[in-house]
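The values are calculated or read from the model by the stated rules, or taken from the named source; none is laboratory data. None of the values given here were measured: they were computed from a predicted structure. With ideal geometry, Cβ positions are generated from the backbone for all residues, glycine too; neighbour counts draw on all protein chains shown.
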């Protein structure tokens, strides 16, 4: 800690001065990883307010604004409306109202998820049933006969994930990769989508996680299924960023690992 000593024994903590220094809109946008236009949009929506303005009229924000922006970004990723986020950030909103808003959003996600689960279930059966078993019949006749009879059982979630990796030729299905992934079972993760990327954050700073992820990325380098996989340290743990049309496999895999006991 650096302390400045002035006349009359008046002291000032230099770190405190730095901490309370106001941020320009450019500095705040860089810290949060968003464009200045996004911050201006949040201001117009009543979600963000500058603490002051410079003599030239530029917006100035407190360091606490960074945490506020990060909360807004996470709430948006979860699908909260701007009106809901405004209530979540309002100090006058009752705790029970906040719980109701969050629970209503969760219920909406469950409804959407159920629709997709039903489609996924039926699509798995459809894929199995359209396999023609008799080559001298037309595909259409064979398909309709198979689809209209009692369907075969659907895959389990784990076997579906295994099928996805094998079907795409993903390097994560290799024995060495599976050993690394098994060591990560039960770890707490956050997963979110950012444009064409899936971001996977493993919570914790265990060195074994770091070593495993580094080796996993090495195994993925020659793989065409995930051409863009990046790994970096994060304040809360380790962050994996995956791009491409098959990036969803990574997201599904780490979600499955979290739910599986180590």
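Exactly one condition in (1) surrounded by 12 or more Cβ atoms within 10 Å (Cβ to Cβ); (2) modelled with pLDDT under 95; (3) within 22 Å of residue 193 (Cα to Cα) is false for residue 85; which is it?
For residue 85, the failing item is (2).
Do any residues in segment 241-262 that are more than 22 Å from residue 208 (Cβ to Cβ) have Cβ atoms under 7 Å from those of residues that are assigned to a loop (DSSP other than H, G, I, E, B), where the two are at least six apart or on different chains, and which pairs are they?
Within 7 Å, the pairs are 243/196; 244/226; 244/227; 246/225; 246/226; 247/226; 249/170.
Please specify each residue of segment 185-204 satisfying the condition of being part of a loop (DSSP other than H, G, I, E, B) and within 16 Å of residue 33 (Cα to Cα). Write out each step before concluding.
First, pick out the residues of segment 185-204 that are part of a loop (DSSP other than H, G, I, E, B): 185-188, 195-196, 204.
Correct list: 195, 196.
Among what's in segment 205-244 and is under 16 Å from the mean Cα position of the chain (by Cα) and in a loop (DSSP other than H, G, I, E, B), pick the residue that is nearest to residue 168 (Cα to Cα).
Step by step, filter segment 205-244, then rank; the result is 244.
Out of segment 245-262, which residues are farther than 15 Å from residue 216 by Cβ and within 12 Å of the chain's Cα centre (by Cα)?
Within segment 245-262, 248, 252, 255 qualify.
Yes/no matrix, rows are residues, columns are (1) within 20 Å of residue 58 (Cβ to Cβ); (2) touching a strand residue (DSSP E or B) at 6+ places or on another chain (Cβ under 9 Å); (3) at pLDDT 90 or above:
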residue	(1), (2), (3)
6	no, yes, no
16	no, no, no
39	yes, yes, yes
47	yes, no, yes
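Here is a yes/no grid of residues against (1) buried (at least 19 other Cβ atoms within 10 Å of the Cβ); (2) at pLDDT below 85:
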position: 185; (1), (2): no, no
position: 191; (1), (2): no, no
position: 200; (1), (2): yes, no
position: 206; (1), (2): no, no
position: 213; (1), (2): yes, no
position: 217; (1), (2): no, yes
position: 227; (1), (2): no, yes
position: 244; (1), (2): no, yes
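Do we find that residue 164 is in contact (Cβ under 8 Å) with a residue 40 or more places away in the chain, surrounded by 14 or more Cβ atoms within 10 Å (Cβ to Cβ), not assigned by TED's automatic domain parsing to the domain that holds residue 75 and not in a strand (DSSP E or B) in this structure? Reasoning before the result, please.
Details: in contact (Cβ under 8 Å) with a residue 40 or more places away in the chain: yes; surrounded by 14 or more Cβ atoms within 10 Å (Cβ to Cβ): yes; not assigned by TED's automatic domain parsing to the domain that holds residue 75: yes; not in a strand (DSSP E or B): yes.
Yes, satisfied.
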